[in-house]
Structure formats: structure tokens, C-alpha cells
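Scroll down for the structure; my scribbles are underneath it.
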Amino acid sequence: MNIAKPNSYRSGPDERGHFGIFGGRFVAETLMPLILDLEKAYTAAKADPAFQAEMNGYLKNYVGRPSPLYFAERLTEHLGGAKIYLKREELNHTGSHKVNNVLGQIMLARRMGKKRIIAETGAGQHGVATATLCARFGLECVVYMGAVDVERQQPNVIRMEMLGATVVPVQSGTRTLKDAMNEALRDWVTNVHNTFYCIGTVAGPHPYPTLVRDFQSIIGNETKTQMQEIEGRLPDSLVACIGGGSNAMGLFHPFLDDPSVEIFGVEAAGHGLTQLHAASIAGGRPGVLHGNRTYLLMDADGQIQDAHSISAGLDYPGIGPEHSWLHEVGRVNYLSATDDEALAAFQLLSKLEGIIPALEPAHAIAKVMELAPKRPKDHLMVVNLSGRGDKDVPQVGDILRGKK
Amino acid sequence: MTTRIDTRFAELKKEGRAAFVTYVMAGDPDPKTSLEIVKALSKSGADVIELGIPFTDPMADGPSIQAAGLRALKVGMTLKKTLDLVRDFRKSDNVTPLVLMGYYNPIYIYGVDKFLADAKSAGVDGLIIVDLPPEEDDELCIPALKAGLNFIRLATPTTDDKRLPAVLANTSGFVYYVSIAGITGAAAADANVVGDAVARIKRHTKLPICVGFGIRTPEAARAIAEKADGSVVGTALVDALKNSLDAEGRATAKTVNAVAELTAALAKGVKGAQQAAE
């Protein structure tokens, strides 16, 4: 597509929440006043040094930041090309990058006087992070999770319940992340007076894509500083997996205006792009769902299609609107990895580095396995290890034993 | 421009009674039966017909209307076939106002300009699109008004006095007041609370105000009709339809009658309402 290159890739969205044609506020009237309130509250919080100071305290002492930027020596040797660094988001409290955003939103909810928090979750990482911070701050927590995902991510369901959250298995539609989001929106419309909707990714109505991006940008900002300390320069490339795209946006955004940095997002290709998959950019087109215009998987009538991925966290037929825009302006390259490629990467990283990744970032590792060997040895490649694989051990164990 | 909606509300005002507005899902349980149901609605006393556009992800609808949409999609209903249904209905009824209600994505994918032209020529009078608040008026609302269709906006309990003017600015036909914060088919609306809300909105507009969400019985429809310019019933009709289906979800000999009988009873309730003097 012929779209003029902007002066900066970091200036969006406009005041109506648009990144190019993407984004916006496509929600029922019942929610509109609250979304406008949220935007006001967020603008005020951003300008308040006390808010940032309080958040920094929790990020350091509760979440455990900064997360290390780790040189993956054996993976680098094995692939024989680029020098690979892992941004260790899986070492955060709760085991993934999700906590960065949840902390910010829970602090906003507290400022807005909301006592009841709802969330949707796919793999359960966002649900666990939300349940954790609700426990920490004494807030009621209800997590919507597709019934299919409740089955395949049992460890996280148990964790959420131990943390005092109510997990509601969603039986409607495809019974995965998209339906969990529908059900969370229905709850929100019903309980809008006392409820804060803590969205887990860079999607939904404005201002969510922006505020989630801002809370996650700590990943890229730390990476920039750490790489400067270790190698004395910018990385040459970044790789991250994408469902809705929050870990990717968090890593990418601080580097968007550094033209020497190549950026790769990895969607879930499921059984392959000609079969069932969850790669919205590779296999979708612009449409409107869940409050925003973005790339979606759908049929000729505009009906949303079932996504498929081995990874519950990527099993969603859409993507954050800013990613759709970065795709159209050509700043980020969007690739995809299949279930089988992700499984192979899951095992490779476990055996070479002693790090069991979640199935989500295993998709990013799978593309690193393709990209790194083609790059010179002085090429610095950063991959976001967005979550740890404990939650996936039972599922992957079953698959591997079944294959033997 | 005057649509069938404007004409109908002008007539009702002369008669001094409230409108009975019905909702069913297009293509539920199949396109042929659905056409017969829509015809039966107007014959049984519906003053305005809302026809749902099936969508996979109806975020503001409860289980009954979600299921109705899925039944329609399962038998291959599309937006194009929904417009065909309207065109067929217009062969036998050219006066009853017909409003399409649904979500934006199928229209966006159909193409806004083509959709508006096709809808107008098929005999559609107005649109209610749940996920298009005034902040997104450029998408469909303004083009729809230019194309000669009414754009009926939802006002809700969370729409305060400060926001009402923005919500009402480009609204035409009537205002749909959502009686509760919630999804379709949920809790019942309290007629007195609704009365206060209608009075509040009336201070900002001369348009008729119809009230929906949570109205299931002739008594409830009547109580609301005494406080507003119209009562909207959807989920109760969709449930009556569903209860008439066979085990595989197919229409039976009872299906059209089941909807028609409930419609007649509800219409009687609305028509028995004593309207407050204005």
C-alpha cells in the first residue's frame, strides 16, 4: 500500500485514538462516558510525578524490575549467526510481561475509585497478573476465560483461584480469547458504575491501546539502556511474538524512530496459513471488532472467523491497531510461525539455555532460528522472552508423549 | 426527508398512543420462516419493526439474541440476504417502518456507500448500530442521513445531561432509550425510573423516545408505554420463537404463530396504555 512515511513513528494516536485508519472508539453508548473518564484519568496520571514514583516503587520491589537482558550464548553458537539476547520478561513476578500493564491499570482504577476489576484472559497470564494485583490491593477480581482455554491452561486457572479471583469459563462462540473479551464487555456494560475493565493487550477502544503500550514500553526502554551498557550501541534487530501484541509493542515502541533497527513481529500460523491459524495481518484485512478498527480474520460477510493456535495467548482473530498501522507504513515486518515450529523452538531453548519459554514467545524463538543464521556474528538481535513455560508443561508434555 | 418512521410516529401522536416496537433476528430460524415472521409482526400489531443483522460477536446482547444470531448464521444468513428479506417484505407491506439493528463490521465490509444505497432501495428506513457512538459519526451516521435513512441512537442511563446533546445531535427518527445499564434480555426496567429518564431526555429533543431492554410482558410493555413514546420488545419474542423450534433448531408449524400470538398480546398491552398528557 502507498502510504506516506510519517516524520515519527511514535507520535500516534491522534486525539480520537486513530493510528492512520486504525483504532477508534467503537463501543456501545453505555461505555462511552467511562472511556472518556478513563482517558482523562490517564492524562492526569501521566502528568503526576507521584503516580510515576509510586509505580516505579512497585515495579522495582514487587515486580522485580529491571528484567535482565541476557546473552544466550549456546543458542547463538547453535544458530551460528547473530548474537542473540533474551529480554527476560519471564522472570517478572507472575511469570510474564503482563504484570507491567496490569500494575499501571490497577493504579489508575484506584485513582478512579473503582473497587471491582474485570479482565479477559487467553493463556491466563494476564488473568494471573490481574488476580495478583487485585489481591495485593484488596480489590474484587473477575476473570473471563474461554472454556477451551480453561481446559488447556489449568495451572493458571488454579493460580487465579488461589489468589482469590473468580474465573468464569465462557461457553459462547468459539470458547477462546475472543469470546472471553465479548463476555468481559457484557459484564462491563452491566456493571459500569463500579467496574474497571483491565484489558490485557494493546487493543480495544481508545485509550486502551495507548495506555497499555505506554505501560509496556518499559521493556524497550530498559533494553535500550542495557544494550548500551553491554555493547555500547543499539541492537540491530528486535523479535517478538504477537497475539494482540502487547509484549511486542512494549519492546518495539521505543525503537521505532531508530531506523537502523530492524523489527520483526511473529504471528501464530497455527496449522499453516492456508489452514486454521491466528495470523491476522498475514491472513486478515481491516475490520471493526472489540472497540477498534484493525486487521481481523473474517469471512466475506464480515463475520469473525475462528482463530487457531497451539498457544492460548495468541489464539485471537485480531491484533492491536497500532500494529496494523506499523504494518501498513512498513516500519515493522510481520512474520508467522506454525504450531510445529513453536514446539520445536520450545524444546530447543529449554535444552540449550535451561529456560522453558511459554508457547507464545516460542513463536518468536522459532523465527530467530530462521533469521539469526542469516545475520553476521556482530549483529545484535533481541528477542522478547515474554513469559515462562510452566503453564504449558502439561499441554506440551501430552503432545510430545503422544507423538512418540 | 420524511421516512416511514416519521410518518408512523406522526400518526400515533394523532391517535394519542405509544408505539409498539418489535425486534427479531433476520434469518432466524431460516430465511423463509423469518420473512413470514416479519410479515406476521406487522399484522399482529407491531408499529415499528427492528430486524437484527446477524453477527458472530454481539457484544451488547444477552444469550437469547446471541443464540438467534448463531442460528441465522448457521443457515447461511448474511447482510445481503437480510436486505433481500426486507425487499421481499416490502412487496406486501410498504408502510410499516423497518429498522436494521446490529453491529458495524458486516456493514463496513459490505461497503458503507453500497450498503446505504442497497438498504434504501430495499425499503429500510433506519439504522441502529450498537458500536457506533457519536464519536464515530463520520463512519456511517452522517453518510446514512445523507442517503435518506434515519440514524437512531441509543441513549443509556450513563448518558448524562452534559453528553446528551452530543448523542442527540445527529439522531433522527426516534431515540432508543436503553432502560438499564446492561445487555439485551437482562434485568427488568423500573417504569418510574424510566419515566424520569424519558422526561430528562425530552428536555433536549422533540424526537419520540422508545424504551427497550428488559421489557418481556404485556403488563411491562404497557407500563413503559405510559411513560414513553414506545415500548421495544426483542428477547421475549426471540425466546417464543426458539421455544417453538424442534430439537435440531428448525422451524415447526407452530413457529410463526408463536411469535404472532405474543406480538398480539404485547400490542394489546401497549395500546391499553394511558398516555400522560404532554
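The values are calculated or read from the model by the stated rules, or taken from the named source; none is laboratory data. Keep in mind it's a predicted model, so treat the numbers as computed, not measured. Glycine also receives a Cβ, built like all others from the backbone with ideal geometry; neighbour counts cover every protein chain displayed. Each accessible area value is taken on the protein alone, full model and side chains, heavy atoms only, with ligands, DNA and RNA left out. Shrake-Rupley method; radii C 1.70, N 1.55, O 1.52, S 1.80 Å.
Flag set for A:Val143, criterion: open to solvent by less than 10 Å² (accessible area, probe 1.4 Å) and either acidic (Asp, Glu) or part of a strand (DSSP E or B) (or both). Among residues of the stretch A:309-330 that are in the same structural domain as A:Asp258 (by TED's automatic domain parsing), those with a beta-carbon under 7 Å from a residue that is of a type in the set (Asp, Glu) and open to solvent by less than 10 Å² (accessible area, probe 1.4 Å) at least six positions away or on a different chain give the pairs A:Ser309/A:Asp315; A:Ala312/A:Asp149.
Among what's in the stretch A:331-340 and is open to solvent by 20 Å² or more (accessible area, probe 1.4 Å) and in contact (Cβ under 8 Å) with a residue 60 or more places away in the chain, pick the residue that is farthest from A:Pro394 (Cα to Cα). Per the stated criteria, the residue is A:Arg331. Tallying residues that are farther than 11 Å from B:Val259 by Cβ and either touching a helix residue (DSSP H, G or I) at 6+ places or on another chain (Cβ under 9 Å) or not in a loop (DSSP other than H, G, I, E, B) (or both) within the stretch B:234-247 yields 3.
For the stretch B:248-265, which residues satisfy the criterion of being in a helix (DSSP H, G or I) and of a type in the set (S, T, N, Q)?
Once the filter is applied, which keeps residues that are in a helix (DSSP H, G or I) and of a type in the set (S, T, N, Q), the stretch B:248-265 yields B:Thr255, B:Asn257, B:Thr263.
The residue that is surrounded by the fewest Cβ atoms within 10 Å (Cβ to Cβ), counting only those in the stretch A:183-196 that are touching a residue at least 24 places away in the same chain (Cβ under 8 Å) and either basic (Lys, Arg) or facing chain B (nearest Cβ under 8 Å) (or both), is A:Asn191. Among the residues of the stretch B:198-224, the ones that are outside any helix (DSSP H, G or I), of a type outside the set (Phe, Trp, Tyr) and farther than 15 Å from B:Ile152 by Cα come to 6 in all. The helices (runs of 4 or more DSSP H) falling completely within the stretch A:27-108 that include 3 or more residues that are within 25 Å of A:Asp390 (Cα to Cα), away from chain B (no Cβ under 14 Å) and open to solvent by 20 Å² or more (accessible area, probe 1.4 Å) map to A:73-79.
Between A:His253, A:His271, A:His277, A:His290, which is within 20 Å of A:Thr121 (Cβ to Cβ) and in contact (Cβ under 8 Å) with a residue 12 or more places away in the chain? On inspection, the qualifying residue turns out to be A:His290. Of the residues making up the stretch A:146-175, those that are open to solvent by 50 Å² or more (accessible area, probe 1.4 Å), under 25 Å from A:Met112 (Cα atoms) and not in a strand (DSSP E or B) number 2. Summed over the stretch A:197-224, residues that are over 18 Å from A:Leu314 (Cα atoms) and either free of Cβ contacts under 8 Å to residues at least 60 places away in the same chain or within 14 Å of chain B (Cβ to nearest Cβ) (or both) total 8.
Filtering the stretch B:80-92 to residues that are surrounded by fewer than 24 Cβ atoms within 10 Å (Cβ to Cβ) and within 14 Å of another protein chain (Cβ to nearest Cβ) leaves B:Lys80, B:Lys81, B:Leu83, B:Asp84.
Residues of the stretch B:10-30 include at least one that is buried (at least 21 other Cβ atoms within 10 Å of the Cβ), on the phi > 0 side of the Ramachandran plot, part of a loop (DSSP other than H, G, I, E, B) and over 14 Å from the mean Cα position of the chain (by Cα). Only one of the listed residues (A:Ser386, A:Ser350, A:Ser309) is over 25 Å from A:Ala180 (Cβ atoms) and of a type in the set (Ser, Thr, Tyr). That residue is A:Ser350. Within the stretch A:127-140, the set of residues being buried (at least 22 other Cβ atoms within 10 Å of the Cβ) and touching a strand residue (DSSP E or B) at 6+ places or on another chain (Cβ under 6 Å) comprises A:Gly127, A:Thr130, A:Ala131, A:Cys134. Among the residues of the stretch A:363-395, those that are at pLDDT below 95 and either charged (D, E, K, R) or open to solvent by less than 50 Å² (accessible area, probe 1.4 Å) (or both) comprise A:Asp390, A:Lys391, A:Asp392, A:Gln395. Scanning the stretch B:182-197 for residues that are in a helix (DSSP H, G or I) and in contact with a strand residue (DSSP E or B) (Cβ under 8 Å, 6 or more places away or on another chain), which turns out nearest to the other protein chains (Cβ to nearest Cβ)? Restricting to residues being in a helix (DSSP H, G or I) and in contact with a strand residue (DSSP E or B) (Cβ under 8 Å, 6 or more places away or on another chain), the top hit is B:Ala197. Filtering the stretch A:150-206 to residues that are closer than 27 Å to B:Asp160 by Cα and acidic (Asp, Glu) leaves A:Glu183, A:Asp187.
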